[in-house]
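Q: Dumping the structure here so I can ask a few things about it.
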Protein chains: 2
Amino acid sequence: MTEQKRALVEEMTRLLGEDAVLHRDADLITYECDGLTVFRGMPLAVVFPATTEEVSDVVKWLYAHEIPFIPRGAGTGLSGGATPFGGEVIISLVRMKALLHVDYDNREAVVQPGYINLALTNSITHKGFYYAPDPSSQANCTIGGNVAENAGGAHCLKYGVTTNHVLGLEVVMHDGEIVELGGVPDAPGYDLLGILTGSEGTLGIVTSITVRILKQPESKETALAYFDSAEDASYAVSDIIAAGIVPAAIEMMDEIAIQGVERATNPVGHPEGLKAVLIMEVDGIAAGIEDQIDEMVKVCERHNVKEIRVAQDDRERGKWWANRKTAFGAMGAISPAYLVQDGVIPRSRLSEVLARIAEISAESGLRIANVFHAGDGNLHPLILFDARNEGETDLALEVGTKTLEACTDVGGSITGEHGVGIEKKEDMRLVFTEEEIDRQLAVRDVFNPNNLMNPDKQFPKPARCGEVKHAVGSGEAHQAVNIH
Amino acid sequence: MTEQKRALVEEMTRLLGEDAVLHRDADLITYECDGLTVFRGMPLAVVFPATTEEVSDVVKWLYAHEIPFIPRGAGTGLSGGATPFGGEVIISLVRMKALLHVDYDNREAVVQPGYINLALTNSITHKGFYYAPDPSSQANCTIGGNVAENAGGAHCLKYGVTTNHVLGLEVVMHDGEIVELGGVPDAPGYDLLGILTGSEGTLGIVTSITVRILKQPESKETALAYFDSAEDASYAVSDIIAAGIVPAAIEMMDEIAIQGVERATNPVGHPEGLKAVLIMEVDGIAAGIEDQIDEMVKVCERHNVKEIRVAQDDRERGKWWANRKTAFGAMGAISPAYLVQDGVIPRSRLSEVLARIAEISAESGLRIANVFHAGDGNLHPLILFDARNEGETDLALEVGTKTLEACTDVGGSITGEHGVGIEKKEDMRLVFTEEEIDRQLAVRDVFNPNNLMNPDKQFPKPARCGEVKHAVGSGEAHQAVNIH
């Protein structure tokens, strides 16, 4: 153990207690990656503060000793945001898992960062309320992690992503200071709440979150639409949106994805040989629901739908959603490994981009399944590979980047809900110029001046080597380069 | 004319042409304030660039010569955001008034900053689309100004404020550099688009705006609910929201406001002696609309509503909205002058805060009318006064601050949609600590390092005199004070 590590363990044990500090290699190995398993590194230690003050104390000490650190929720992230490169301390927030307060009148709840996403809905459902953002990992992921990644989910088409539901944050800053952001309705000044949300642990550690809770819709209908052609399904999606319907969700799975989910833990008995299925849901006032489903069915019929099934009850609906939400994991049934991508495209380019992804698959020889939020244009190509084959992991990563290029080529983006993390740092250059990246880093410097908070994530290294003093504009400071 | 002004006028004339530069006092007087008329100051000059490149050229010259400047749209702002203190150059964007592009498939429009808010809806209505944010000034205000102030409107209850509809911005930065923000779906990295929106001209000059356009709802119903008690009306509002209805709008006018609108240009014949009227609108799929109106009527009946009227057609609905939207101006019919405030409160505290505002009115001797977005908890106390009476303007400003205190006392905020501007700079201390203000100023310094862009707006001066180097946290830089 180095002298630095010895001092760290001693001080963390003093601050948090012995059972709140992991430092042996055998204990640390669980923390060498998050849900993106192709990148790994060992943390220096893992600590488990139980209160905001403990987080603050830990950060103050790390700041004073210039030791980098990474906040971590449930570790379900898919872009490597919580993965250490080596040398960072992981601050796990799983002990801060309380639901602190619910205000039904003003439709707000206050949770600690380690509180599980689905637990919130489960806790307020008896009063007729729910929490809208619903990542596929919602049974395991934490709301703190959701805030860090600005997580999405199937129902974000109608209800928006995490940032649309965060009303206030308590944050421990880089030096241990505890601050409140938002918390008042329509806070004046600059939207720092918006900046913190989706900042992937690089601007502060969220220790309390005030979220909007919604009244459960009076009524809900869910339908499956089966297609013999992914192109037909794509056009149906565009036309449903164009018809002025705002569905709660429209999800799509392609042929390989359907094969996967049907061999996994929640098969629903989709017919054999399908090329695409749409899962379409509408919700709201009961009186309007039937009409909307009817209209969606009509649009699907115009695009050669093979069969439509409407869920008969909540049990059936639940089964269909469980089937959809196991899709990533289900890839294990048909491939030794997979990499999921997270591109976003204008909805009207869906068919074209799916065709391009099929080409990329053919060129590379790797199968690609598609399971995605079709209504949002948020694609999730699942690149199937076998890490035991020499070079295939690298090939899968290359193919992932190519699928993102297919998205940015049509004016899209590289992430809809999974974040940039380690994985897509270099891909940021597909979306931003060097100057634009510098401007973002200048904002980071305000909150994270010595780059100890989740270092080397979310943004690529500046094109020039050395430490660049970030500033906006073409003034002198912009050019200052301090090689070290 | 000073040497500096002579050089400015000469260079601006060279860059933009003679008819694009105003510099004589008689011409400048129109620009000494915006819609908040109690604060005034004379600009050094007013210039009218016609293109992004011209804005950039103007800013580059001003930056090189260290002359402060203020962007201005239609000048309908209500917090003095476009008001010069003296010495600034006003960059008017009214010549940049084109609708550049509409993409119905992807539901986006691109406009120049001087494009009028209502013109967008008028231009796309034949295709069944509209632009949702609808400030009362929508027939005159510009979308650039809406972005600067993060403007709201009656229908923001359901559809959100301007920031929820801005998808991308082209911005001229403090030194004249032209940058693009957003523009791709779900842009990764920090939410700079969100920071720019509502930054009141302090972070950049918006020269092109990509906004979301919405499909017109299939159906719409509007009802007036008349009450003999403002308290009853307040509880009806809370209960409608609590019932799970998401109305497109719920507006409230109190007794004095009703008297005003009935004597102004669009009377609708509200009964005499009312204490409150609610204007309630629901929209969406036709089949659900009747049920929602019925449920809202039932809630109003539980709270002793006196009479309900449902609009028979678009003409009647339009008349009611025109009546509501003249409410501010209508104060001219019952008072020589008025000051409008813009507090926000948790909806459940509506009745209590209205009672407190009535007390403030009684204590001060100034009448206060209330016209506001009740469903949002966004209050607009209209403080009626006569500037000819010695000290009454100052008294009105004091009363305005007291109404804001009544809002922040219950956990509310000082602005919902009008911005901070000059008027509420000091009131920022009701919401933020000195450290929190410093943190916001640190973000401003990234984009506006020499404070030439709309100086001395939106934030109070730091408590200590002199120029403070803003930095976050408790580190050394935070303490550095450079007295000059």
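Laboratory data are not the source of any read-out in this text; all were calculated from the coordinates shown. These numbers were taken from a predicted model, which means no experiment stands behind them. Glycine gets a Cβ as well: all are built from the backbone with ideal geometry, and neighbour counts include every protein chain shown.
Q: Placing the label point 7 Å from Cα along the Cα-to-Cβ direction, what are the distances from B:ARG24 to the equivalent spots in the other copies, shortest first, in nm to one decimal?
A: With the label placed 7 Å along Cα→Cβ, B:ARG24 yields 8.9 nm.
Q: Can you give the relative contact order of chain B as a percent, counting alpha carbon pairs under 8 Å and 6+ residues apart?
A: Details: 1031 pairs, mean separation 68.5, N = 484.
Normalised by residue count, the contact order of chain B is 14 percent.
Q: Continuing with the same structure: First select every other residue whose beta carbon is under 15 angstrom from the beta carbon of B:GLU231; then total the charges, Lys and Arg +1, Asp and Glu -1.
A: Working: positive: B:LYS275, B:ARG302, B:LYS306, B:ARG347, B:ARG349, B:ARG356; negative: B:ASP228, B:ASP232, B:ASP239, B:ASP254, B:GLU255, B:GLU352, B:GLU359.
Every neighbour counted, the sum reads -1.
Q: How far apart are the A:GLY332 label points across copies, placing each 7 Å from Cα toward Cβ, in nm, shortest first?
A: 7.1
Q: Show that you can apply the helix-only estimate: for chain B, add -39,500 (n - 2.57) for every DSSP H stretch of four or more residues, divide by all residues, and state [θ] at 222 nm to the nearest 500. List each step's numbers first, then the result.
A: Numbers: 16 runs with 160 residues, N = 484.
Mean residue ellipticity at 222 nm (helix-derived): -9500 deg cm²/dmol.
Q: Per residue of A:405-418, how many C-beta atoms from partner chains lie within 10 Å of its own C-beta, taken as a mean?
A: Neighbouring Cβ atoms belonging to other protein chains average 2 per residue here.
Q: Near the amide H of A:LEU379, under 5 Å away, which other amide H atoms are found, from residues 5 or more places off or on another chain, if H is placed in the peptide plane?
A: So A:LEU379 has HN proximity to A:GLY343, A:VAL344, A:ILE345.
Q: Further question on the same structure: Using the number of other C-beta atoms within 10 angstrom as an exposure proxy, rank A:PHE39, B:PHE328 with the fewest first. Don't skip to the end; give the middle numbers.
A: Numbers: A:PHE39 17, B:PHE328 21.
Lowest count first: A:PHE39, B:PHE328.
Q: Still on this structure, please answer the following. Give me the percent relative contact order of the range B:217-332, please, defined on Cα pairs under 8 angstrom at least 6 residues apart.
A: With pairs under 8 Å counted, the relative contact order is 45 percent.
Q: Can you give me the long-range amide H partners of B:TYR338? Hydrogens built in the peptide plane at 1.01 Å from N, cutoff under 5 Å, separation of 5 or more residues or another chain.
A: B:PHE385
Q: Ordered by residue, what ³J(HN,Hα) values in Hz, to whole numbers, does the range B:265-271 give under the Karplus form 6.51 cos²θ - 1.76 cosθ + 1.60, where θ = phi - 60° and Gly and Pro are x?
A: 6, 10, x, 10, x, 4, x
Q: Ok, one more. Run the label-point distances for A:VAL310 please: 7 Å along Cα to Cβ, every other copy, nanometres, shortest first.
A: Here A:VAL310 shows inter-copy label distances of 2.5 nm.
Q: Under a 5 Å amide H to amide H cut-off, with H placed in plane at 1.01 Å, what residues pair with B:SER219 once short-range neighbours are removed?
A: Residues meeting the criterion, in which the H sits 1.01 Å from N, are B:GLY284, B:ALA286.
Q: While we're on this one: So what is the relative contact order of the range A:335-431, in percent, for Cα pairs below 8 Å that sit 6 or more residues apart? Write down the numbers at each step before the final one.
A: Values: 164 pairs, mean separation 35.8, N = 97.
Relative contact order here is 37 percent.
Q: Something else: So, counting K/R as plus one and D/E as minus one, what does the shell of residues with Cβ under 12 Å around A:ASP294 add up to? Please report the intermediate quantities before stating the final value.
A: Working: positive: A:LYS298; negative: A:GLU221, A:GLU290, A:ASP291, A:GLU295, A:GLU301.
Value of the local net charge: -4.
Q: Mind pulling the angle between the C-alpha long axis of helix B:286-302 and the longest principal axis of chain B? Nearest 10 degrees, somewhere in 0 to 90.
A: The angle comes out at about 70 degrees.
Q: In sequence order, what are the phi-derived ³J(HN,Hα) couplings for the range B:351-356 according to the Karplus relation 6.51 cos²θ - 1.76 cosθ + 1.60 with θ = phi - 60°, rounded to whole Hz, with x for glycine and proline?
A: 4, 4, 6, 4, 5, 5
Q: Where the centroid of each part is defined by its Cα atoms, how far is the range B:204-281 from the range B:79-138 in Å?
A: Between the Cα centres of the range B:204-281 and the range B:79-138 lies a distance of 24 Å.
Q: What does the extension gain come out to for B:ASP291 and B:GLU426, with contour length at 0.36 nm per residue minus their alpha carbon separation? If you can, show how the numbers build up before the last one.
A: On the way: separation 135, 0.36 × 135 = 48.60 nm, distance 4.62 nm.
Gain in length upon complete extension: 44.0 nm.
Q: Listed highest first by mean packing, meaning other Cβ atoms within 10 Å per residue, what order do B:432-438, A:455-461, B:54-60 come in? List each step's numbers first, then the result.
A: Numbers: B:432-438: 16.6, A:455-461: 18.6, B:54-60: 21.9.
The peptides rank, most packed first, as B:54-60, A:455-461, B:432-438.
Q: Spin-label point model (7 Å from Cα, Cβ direction): what's the B:ALA355 to A:ARG367 distance in nm?
A: Calculated label separation equals 6.8 nm.
Q: Tell me, what ³J(HN,Hα) does each residue in the range A:141-158 have, in order and in whole Hz, if you take phi through Karplus 6.51 cos²θ - 1.76 cosθ + 1.60 with θ = phi - 60° and put x for Gly and Pro?
A: Along the range A:141-158, the couplings run 6, 9, 5, x, x, 4, 5, 4, 9, 6, 5, x, x, 4, 8, 6, 4, 8 Hz.
Q: With N set to the residue count of the range A:99-215, report its C-alpha Rg divided by 2.2 N^0.38 Å to two decimal places.
A: Ratio of Cα Rg to 2.2 N^0.38 Å: 0.99.
Q: OK, next. Can you give the translational diffusion coefficient of the range B:297-355 in µm²/s, computed by Stokes-Einstein from the Kirkwood radius over Cα pairs at 20 °C and 1.002 mPa s? The partial results should precede the final answer.
A: On the way: Rh = 14.9 Å.
Stokes-Einstein gives a translational diffusion coefficient of 144 µm²/s.
Q: Now for a separate question. What three numbers, in Å, describe the spread of the alpha carbons of chain B along their principal axes, ordered from the longest?
A: For chain B, the Cα spread along each principal axis is 67, 55, 50 Å.
Q: Across peptide A:174-186, how many C-beta atoms of other chains are within 10 Å of each residue C-beta, on average?
A: Neighbouring Cβ atoms belonging to other protein chains average 6 per residue here.
Q: If you add up the charges near A:GLY189, with Lys and Arg at +1 and Asp and Glu at -1, over every other residue whose beta carbon is less than 12 angstrom from its beta carbon, what do you get?
A: On the way: positive: B:LYS424, B:LYS425, B:ARG429, B:ARG439, B:ARG444, B:LYS457; negative: A:ASP186, A:ASP191, B:GLU200, B:ASP427, B:GLU436, B:ASP438.
Within the 12 Å Cβ shell, the charges total 0.
Q: Can you put A:HIS174, B:HIS126 in order, fewest other beta carbons within 10 Å first? Don't skip to the end; give the middle numbers.
A: Values: A:HIS174 24, B:HIS126 7.
The fewest-first ordering by Cβ neighbours comes to B:HIS126, A:HIS174.
Q: Also, I was wondering about something else. How large is the Kirkwood hydrodynamic radius of the protein assembly as shown, counting all unique pairs of alpha carbons, in Å? Please list the in-between numbers first.
A: Working: mean 1/r = 0.0340 Å⁻¹.
The answer is 29.4 Å.
Q: Separate question: Between B:THR433 and A:HIS126, how high is the FRET efficiency from 1/(1 + (r/R0)^6) when r is the Cβ-Cβ distance and R₀ = 35 Å? Nearest 0.05. Walk me through the intermediate numbers first.
A: Values: r = 38 Å, r/R0 = 1.08.
Here the calculated transfer efficiency is 0.40.
Q: Can you give me the distance in nm between label points at A:GLU398 and A:THR37, each placed 7 Å from the Cα along the Cα-to-Cβ direction?
A: Simple spin-label model gives 2.4 nm for this pair.
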